[in-house]
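Undergrad: Before anything else, here's the structure in question.
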Amino acid sequence: MDRDETAVDGDGEHVQHILLAIDNFTRKVSEMLDSGRAMFKDLGAVFEDRLSR
């Protein structure tokens, strides 16, 4: 294997690492959005309950 092929292999590993980082970031953002959505739903229910008293 010559130097150029080794560089290409290293680049492929680097790209794979970046793709995994993007996937992890996307998953965390999705979890935070779901959590925020649930929080607002709960707050809305509490707010409506207090208004009806």
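Undergrad: Considering only residues that are among the hydroxyl-bearing types (S, T, Y) and part of a helix (DSSP H, G or I), which ones fall in segment 21-53?
TA: Looking only at segment 21-53, we keep the residues that are among the hydroxyl-bearing types (S, T, Y), and these are 26, 30, 35, 52.
Hits for segment 21-53 are T26, S30, S35.
Undergrad: Are any residues in segment 30-53 among the small types (G, A, S) and at pLDDT below 95, and if so, which ones? Give the steps one after another, and end with the answer.
TA: Initial filter on segment 30-53 (among the small types (G, A, S)): 30, 35-36, 38, 44-45, 52.
Residue satisfying the conditions is S52 alone.
The values are calculated or read from the model by the stated rules, or taken from the named source; none is laboratory data. Not measured: the values here are computed from a predicted model.
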